[in-house]
Amino acid sequence: MQTQAQKQSSPYELAQRLAGKIMIGGNLVKAESSETFDVPNPATMEIICQAAQCGQADVDMAVKSAARAQKGWAHDYTAFERGQLLHKCADLLEKHKDELAALMALETGKALRTECQVEAGVLANTFRFYGGIAGEIKGETVPFNNTCLTLTLREPIGVVGAIIPWNVPLMLMALKIAPALAAGNGVVVKSAEEAPLAVLRVAELRNTILPPGVFNLISGDGPGTVALLVAHEGIDKLTFTGSVETGQIVYGGSAHKLVPVTLELGGKSPMIVCEDMDLDRAVTGALTSMRFTRQGQSCTAASRIFVHESMIGPFVEKMVAEVNKLKMGDPLDESTDMGTIISQSQYEKVLEYIRIGKETTGAVAHECSELPKDSAFDKGLFVRPVIFTGLANDHKLCQEEIFGPVTCVMSWSNFDDVIRMANDTEYGLAATIWTYDLPQAMQAIKQLDAGFVQVNQNLVVQPGLSYGGFKKSGIGKEASLEAMLEHFTRKKTVLINQG
């Protein structure tokens, strides 16, 4: 049953127009494959539309389209001209951000106001950022000897295969394709099976500005479409964001071709609250850091919160009270703070983790907020946020990435011990420390085994900030000039003999 707000919203009509389509050669076309998969609305579990399950023919067309277009894109356009077109794309996406946000809220279950509108704005800013630095793709002169002019050139790699996740589809697609395009590459994006619509609309909009074929988009599942894209001999570079398990498959699948791979994988990010930190600021930081308005579906979510023993009681009490204020409901309603889990399988996974936590001796599960009372959402994938206390750092819930609104709050007394606990995980993506003691903060910065460390804040990834993790959290960096240069160009050394 649809609510009145949903019936009147345009995302449904737009989804129907995009159903079964992919983007090839600058055109929105029906896939060659006749197979499709359902795209449900996670808030009601009604089927929005069917999306294309791309097969070998579709993947082949997309890669060949990108390869044909890439030559002209790299050689007929200067870096400045490519940057100007990215700026025009940013302006167009800015005009359509409300439409994109609503479509994303419909297919992902993320709240429109707190999540989707923000992400749609970052999408445009990312293209604007890379449009502005496209001219930084330049080489160096090298003082090799007096008989040769020695220099280096940076060239595009060729065709980039970008495999994107469902939790922040617009932003994470932008972080991959904007630098790739600025550097002169052609791109084939494989959208997330759970969120194929908003990114396809972005592809349609951007292809009114870019040369045909430079940006192609296909859809489908991991075992089928992803495997075909990874194995395709026409792919010169792979960039992937998602789970460790799938990242390992992508990495292994590309090994026979020896193509470069960038991986942004999972996290179990620690938040360390020191005894000198203001309680209100610490709790506000915890709410933001846990990404509750995204249902905790973030690899940088503070799913392990270490609070000094002198303040853990008041901290938990206040945090529970604040999370209780979050309104769960219709993702398309701007009064909603928190929407749904993305899919039935993820929903069941999160509930299983909560069950395990509740059954652990000594654990206390503080369940917060309230499920929607409207019967239209009885089948929706809503999960109440849970704050666990009484779990040890080696517990399953403290070591494995849950990707849901579940966090574990633990006590500490010795600074060396809490740093050790923070690092005691296979992940190394992000970490935060909350203290007014600058020497203590600097000590933590040096000792925390994470690629993205913040003090007294926990911003999400932003264009211009180098972003990436250590250990099983991935390989390479995104979101920066470094990412464009190191991951989407190749360096050529040239020696010119003067004699």
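The values are calculated or read from the model by the stated rules, or taken from the named source; none is laboratory data. Since the structure is predicted, the reported quantities are computational estimates derived from the model, not experimental observations. Ideal geometry is used to build each Cβ from the backbone, glycine not excepted, and the neighbour counts take in all protein chains shown. Note: areas computed on protein heavy atoms with side chains; ligands, DNA, RNA excluded. Shrake-Rupley method; radii C 1.70, N 1.55, O 1.52, S 1.80 Å.
Which value, in Å² rounded to 10, gives the accessible area of Ser269 with a 1.4 Å probe and all protein chains present?
For Ser269, the solvent-accessible surface is approximately 0 Å².
Give the longest segment of the chain that steers clear of GluC sites (Glu not before Pro) in DSSP loops with at most 10 neighbouring Cβ atoms within 10 Å, not counting the sites themselves. Before the final figure, lay out the partial values.
Numbers: sites that count: Glu233, Glu359.
In the chain, the maximal stretch lacking such sites is 1-232.
Between Glu35 and Lys491, with labels modelled 7 Å along Cα→Cβ, what's the label distance in nm to one decimal, could you check?
4.2
Along the charge dipole of segment 308-413, Cβ charges K/R +1 and D/E -1, which of Val409, Phe382, Ala363 sits furthest on the positive end?
Of the listed residues, the answer is Ala363.
By what distance, in whole Å, do the Cα atoms of segment 78-141 stretch along each of the three principal axes, largest value first?
So the three principal-axis extents are 51, 20, 15 Å.
Mind listing which chymotrypsin sites (Phe, Trp or Tyr not before Pro) in segment 141-247 are in a DSSP loop and have 14 or fewer other Cβ atoms within 10 Å? Display every interim value, and only then the final one.
Working: sites: Phe144, Trp166, Phe215, Phe240; in loops: Phe144, Trp166.
Of the chymotrypsin sites (Phe, Trp or Tyr not before Pro), the ones in loops of segment 141-247 whose Cβ has at most 14 other Cβ atoms within 10 Å are Phe144.
With point charges of +1 on the Cβ of Lys and Arg and -1 on the Cβ of Asp and Glu, referenced to the Cα centre of the chain, which listed residue (Leu18, Met104, Pro165) lies farthest in the positive direction of the dipole?
Positive-end residue among those listed: Leu18.
Find how much the distance from Gln462 to Asp98 grows on full extension, using 0.36 nm per residue of separation minus their present alpha carbon separation; answer in nm with one decimal.
129.0 nm
Can you give the angle from 0 to 90° between the axis of helix 438-447 and the longest principal axis of the chain, with both taken from C-alpha atoms, to the nearest 10?
60
Among the listed pairs Lys71/Lys95; Lys71/Lys138; Lys237/Lys492; Lys257/Lys491, which have their C-alpha atoms separated by more than 22 angstrom in this model?
Lys71/Lys95
Given the convex hull of the Cα atoms of segment 184-318, what is a quarter of its surface area in nm²? Mind showing how you got there, number by number?
On the way: hull surface 45.8 nm².
Hull-based average projected area comes out at 11.4 nm².
Given the Cα-Cα distance of Thr284 and Val142 and 0.36 nm per residue of separation, how much length would full extension add, in nm?
Taking Thr284 through Val142 to full extension adds about 46.0 nm, to one decimal.
Which of Lys97/Lys325; Lys349/Lys373; Lys268/Lys379; Lys349/Lys396 have a Cα-Cα distance over 18 Å? Provide the component values of the computation, followed by the final result.
Details: Lys97/Lys325 28 Å; Lys349/Lys373 23 Å; Lys268/Lys379 29 Å; Lys349/Lys396 13 Å.
The answer is Lys97/Lys325; Lys349/Lys373; Lys268/Lys379.
Any idea what angle helix 117-133 forms with the longest principal axis of the chain, computed on alpha-carbon atoms, 0 to 90 degrees, nearest 10?
40
Would you kindly state how much longer the chain becomes between Lys257 and Glu309 on full extension, computed as 0.36 nm times their sequence separation minus their alpha carbon distance, in nm to one decimal?
Roughly 13.5 nm would be gained on extension.
Kirkwood hydrodynamic radius, segment 44-90, all distinct C-alpha pairs: what's the number in Å? It would help to have the intermediate numbers written out before the result.
On the way: mean 1/r = 0.0723 Å⁻¹.
For segment 44-90, the Kirkwood estimate is 13.8 Å.
What is the antiparallel percent of DSSP beta bridges lying wholly in the chain, to the nearest 5? The partial results should precede the final answer.
On the way: 31 of 69 bridges.
Roughly 45 percent of the DSSP beta bridges within the chain come out antiparallel.
In whole Å, how far is the Cα centre of segment 454-485 from that of segment 325-395?
Comparing the Cα centres of segment 454-485 and segment 325-395, I get a distance of 28 Å.
I need to check one value: relative contact order of the chain, counting alpha carbon pairs closer than 8 Å and at least 6 residues apart, in percent.
Across the chain, relative contact order equals 19 percent.
Let me know the longest stretch in the chain that avoids all trypsin sites (Lys or Arg not before Pro) found in a DSSP loop with at most 12 other C-beta atoms within 10 Å.
The reported range is 139-324.
Report, please, the projected area of segment 442-488 averaged over directions, based on the convex hull of its C-alpha atoms, in nm².
The number I arrive at for segment 442-488 is 3.8 nm².
Could you size up the charge dipole of segment 89-181 around its Cα centre, putting +1 on the beta carbon of Lys and Arg and -1 on that of Asp and Glu, and report it in debye to the nearest 20?
About 100 debye.
So how do Phe452, Phe388, Phe470 rank on accessible area, 1.4 Å probe, biggest first, that is with the largest at the start?
Phe470, Phe452, Phe388
So what is the diffusion coefficient of segment 56-193 in µm² per second by Stokes-Einstein at 25 °C and 0.890 mPa s, using a Kirkwood Rh over Cα pairs? All intermediate terms of the calculation are to be shown ahead of the outcome.
Numbers: Rh = 16.6 Å.
It comes out at roughly 148 µm²/s.
Compute the accessible area per residue over the chain, keeping the other protein chains in place, probe 1.4 Å, unit Å².
In whole numbers, the chain has 39 Å² accessible per residue.
To the nearest 20 debye, what is the magnitude of the charge dipole of the chain about its Cα centre, counting +1 on the Cβ of each Lys and Arg and -1 on the Cβ of each Asp and Glu?
In debye, rounded to 20, the chain gives about 1320.
I'd like the distance separating the alpha-carbon centroids of segment 62-118 and segment 149-197, in whole Å.
Centre-to-centre (Cα) distance: 11 Å.
Considering only Leu332, Leu238, Cys49, whose Cα is most displaced toward the positive end of the charge dipole of the chain, charges sitting on Cβ of Lys, Arg (+1) and Asp, Glu (-1)?
Comparing the listed Cα positions along the dipole, Leu238 ranks first.
Once ligands and nucleic acids are excluded and a 1.4 Å probe is used, how much of Ile433 is accessible, expressed in Å² to the nearest 10?
0
What list of whole percents do you get for P(r) of the chain, with Cα-Cα distances grouped in 20 Å bins up to the one holding the largest distance?
Taking every Cα pair in the chain, the percentages come to 24, 54, 21, 2, 0.
In the chain, carbon and sulfur make up what percent of the accessible area (probe 1.4 Å)?
Ligands and nucleic acids excluded, carbon and sulfur give 52 percent.
Cβ under 15 Å from Gly474's Cβ, Gly474 left aside: what net charge do those residues give with Lys, Arg +1 and Asp, Glu -1? Numbers along the way, then the final one.
Working: positive: Lys176, Lys268, Lys471, Lys472, Lys477; negative: Glu245, Glu264, Glu401, Glu426, Asp449, Glu478, Glu482, Glu486.
Overall, the nearby charge balance is -3.
Rounded if a/c is under 1.5, else prolate if a/b is larger than b/c, else oblate: which is segment 154-243, with a ≥ b ≥ c the root eigenvalues of its Cα gyration tensor?
Oblate, because a/c is 1.5 or more while a/b does not exceed b/c.
If r is the Cβ-Cβ distance from Glu426 to Glu352 and R0 is 25 Å, what FRET efficiency results, to the nearest 0.05?
So, using R0 = 25 Å, E works out to roughly 0.80.
In degrees between 0 and 90, to the nearest 10, how far off the longest principal axis of the chain does helix 344-358 point, with axes built from Cα atoms?
40
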